[in-house]
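Peer 1: Here it is, the structure in full.
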Amino acid sequence: MYTAIAVDGPAGAGKSTAAKRIAKALSYFYIDSGALFRAVTLKAIQRGIDMSDTLGIIHMMKDTVIDFKDEKVYLDGKDVSVEIRSNNVSANSSYPAMISEVRDVVADIQREISKTRNVVADGRDIGTTIFPDAKIKFFMIASVEERAKRRLLELNASGKNYELRDMIEQINKRDRIDSTRVVSPLKKADDAIEIDTDGKTIDDVVSEMLDYIDKRLNK
Ligand code: DC
């Protein structure tokens, strides 16, 4: 049996940075589940499929192959690691994530990977749905202002010029959709450890998480 570590939480709570660093420290495989939903979103946008066209998105999934290789995300054989980070993809990614057929495909990809290696997976439903038996579960939180600021730094570093208030609005909207959807909503697993990242450096957060993992794995 391989070990799974779940890192869940809302957008911008620092999950991916922390999960990536933990995976590296432990030599585990890092699964960025949000990237899988983002790849689906990108393809729907490229095909001109409306986000409300559930049947169109389900149909599109039939000839869609998403894969991770060398920390890159491949959509139908093409590296889309950069394109899936655009603001347009971020703003729309909660919609395909509401569709249970899409979630099933994304769940299968993750469970397949975990059959042959130890994983750290980050997302919204890892501890509740994807790996409910994960040995270690974290739920990362931060205020909406802090999360919006982090997102803004990321986007504006790539030459864009977004406003903080627009980012707060977008994050609030995604939180609402992610937390209230019927299938696998964003929710803290009962046995998850909550990590509040407000005002902490990423180094502090990662070392707090690694300390906890060390205790749990060596118990
Ligand atoms: O973590 P992220 O911002 O890259 O996620 C992109 C979108 O995917 C997010 O709006 C919600 C969705 N998502 C999800 O529903 N379940 C997950 N396990 C991961 C992401």
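Peer 1: Conditions: (1) outside any helix (DSSP H, G or I); (2) surrounded by 13 or more Cβ atoms within 10 Å (Cβ to Cβ). R174 meets all but one. Number of the miss?
Peer 2: Answer for R174: the failing condition is (1).
Peer 1: Moving to a separate point now. Looking at segment 170-189 only, could you name the residues that are of a type in the set (A, V, I, L, M, F, W, C) and closer than 17 Å to F37 by Cα?
Peer 2: Hits for segment 170-189 are I171, I177, V182, V183, L186.
Peer 1: Looking at segment 196-207 only, could you name the residues that are in a helix (DSSP H, G or I) and either β-branched (V, I, T) or closer than 14 Å to A13 by Cβ (or both)?
Peer 2: I202, V205, V206, listed by residue number.
Peer 1: Then there is this: Are any residues in segment 34-71 crowded, with 17+ Cβ neighbours inside 10 Å, under 17 Å from the mean Cα position of the chain (by Cα) and not β-branched (V, I, T), and if so, which ones?
Peer 2: G34, A35, L36, F37, R38, A39, L42, F68, listed by residue number.
Peer 1: Which of the residues belonging to segment 119-135 are more than 15 Å from S16 (Cβ to Cβ) and either among the small types (G, A, S) or away from the ligand (no atom under 14 Å from the Cβ) (or both)?
Peer 2: Matches in segment 119-135: G127, D133, A134, K135.
Peer 1: Name every residue in segment 82-118 that is within 13 Å of the ligand (Cβ to nearest atom), among the aliphatic types (A, V, I, L, M) and not in a helix (DSSP H, G or I), in order of residue number.
Peer 2: The answer is I99, and nothing else.
Peer 1: For I99, are the conditions met, namely being surrounded by fewer than 22 Cβ atoms within 10 Å (Cβ to Cβ) and touching a residue at least 24 places away in the same chain (Cβ under 8 Å)?
Peer 2: Considered against the rule, which asks whether it is surrounded by fewer than 22 Cβ atoms within 10 Å (Cβ to Cβ) and touching a residue at least 24 places away in the same chain (Cβ under 8 Å), I99 comes out as yes.
Peer 1: Continuing with the same structure: Those residues that are surrounded by 13 or more Cβ atoms within 10 Å (Cβ to Cβ) and either at pLDDT below 95 or not hydrophobic (A, V, I, L, M, F, W, C) (or both), I need them from segment 180-189; list them, please.
Peer 2: Listed by number, the residues that qualify are R181, V183, S184, P185, L186, K187, K188.
Peer 1: Could I ask something else about it? Which residues, taken from segment 136-166, are away from the ligand (no atom under 12 Å from the Cβ), under 19 Å from the mean Cα position of the chain (by Cα) and not in a helix (DSSP H, G or I)?
Peer 2: Once the filter is applied, which keeps residues that are away from the ligand (no atom under 12 Å from the Cβ), under 19 Å from the mean Cα position of the chain (by Cα) and not in a helix (DSSP H, G or I), segment 136-166 yields I136, K137, F138, F139, I141, A142, S143.
Peer 1: Now, a different point. Taking A25 as meeting all but one of (1) farther than 18 Å from V119 by Cα; (2) more than 16 Å from the ligand (Cβ to nearest atom), write down the number of the exception.
Peer 2: Going through the list (1) farther than 18 Å from V119 by Cα; (2) more than 16 Å from the ligand (Cβ to nearest atom), A25 breaks only (1).
Peer 1: Moving to a separate point now. Can we say D122 is in a strand (DSSP E or B) and of a type in the set (D, E)?
Peer 2: Yes; evaluated as a whole, the condition is true for this residue.
Peer 1: Now for a separate question. Before we move on, is V82 farther than 22 Å from L186 by Cα, aliphatic (A, V, I, L, M), surrounded by fewer than 16 Cβ atoms within 10 Å (Cβ to Cβ) and touching an Asp or Glu at 6+ places or on another chain (Cβ under 7 Å)?
Peer 2: So V82 does not fit the description; no.
The values are calculated or read from the model by the stated rules, or taken from the named source; none is laboratory data. What you see is a predicted model, and the numbers here were worked out from it, not measured in a lab. We place every Cβ from the backbone using ideal geometry, glycine too, and count neighbours over all the protein chains shown.
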